[in-house]
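The values are calculated or read from the model by the stated rules, or taken from the named source; none is laboratory data. What you see is a predicted model, and the numbers here were worked out from it, not measured in a lab. Backbone-built Cβ (ideal geometry, glycine too); neighbour counts: all protein chains shown. The accessibility values were calculated without ligands, DNA or RNA, using every heavy atom of the protein model including side chains. Shrake-Rupley method; radii C 1.70, N 1.55, O 1.52, S 1.80 Å.
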Amino acid sequence: MIRCVSPGLKSYLEEAFSLSYQDGINLAVKETNLPYETFPENCHYEITQILEPEFLPEL
């Protein structure tokens with residue numbers, strides 16, 4: 001899916017993805033009262049994986 005995206009849009013998507021992940025960590029810390037160290041600093045998945053229609057993380 002991301003293969004056909006222009007280079008400028010791809011870098012925007014990657015930045016937005018990174019910022020959204022950090023926002024998600026902030027929300028999780030706020031809601032769970034767990035320390036930041038509980039959560040991975042960076043997402044374990046690539047944006048190309050997440051954008052695939054069949055994507056589901058392994059449990």
Condition check for Pro53: modelled with pLDDT of 90 or more and part of a loop (DSSP other than H, G, I, E, B)
no
When you look at Glu37, is it exposed (fewer than 12 other Cβ atoms within 10 Å of the Cβ) and modelled with pLDDT under 95, yes or no?
no
Starting from segment 15-27, take each residue that is at pLDDT below 95 and list its partners that are open to solvent by less than 70 Å² (accessible area, probe 1.4 Å), counting only C-beta distances under 9 angstrom and pairs at least six apart or across chains.
Phe17/Cys43; Phe17/Ile47; Phe17/Ile50; Ser18/Cys43; Ser18/Ile47
Residues that are open to solvent by less than 60 Å² (accessible area, probe 1.4 Å) and of a type in the set (Val, Ile, Thr), drawn from segment 11-34:
Ile25, Val29
Filter segment 40-50 down to residues that are open to solvent by less than 100 Å² (accessible area, probe 1.4 Å) and closer than 22 Å to Leu27 by Cα, then give me how many there are.
5
Could you list, ordered by first residue, the pairs with Cβ atoms under 7 Å in which the first is in segment 37-59 and hydrophobic (A, V, I, L, M, F, W, C) and the second is open to solvent by 100 Å² or more (accessible area, probe 1.4 Å), at least 6 apart or interchain?
Leu51/Met1
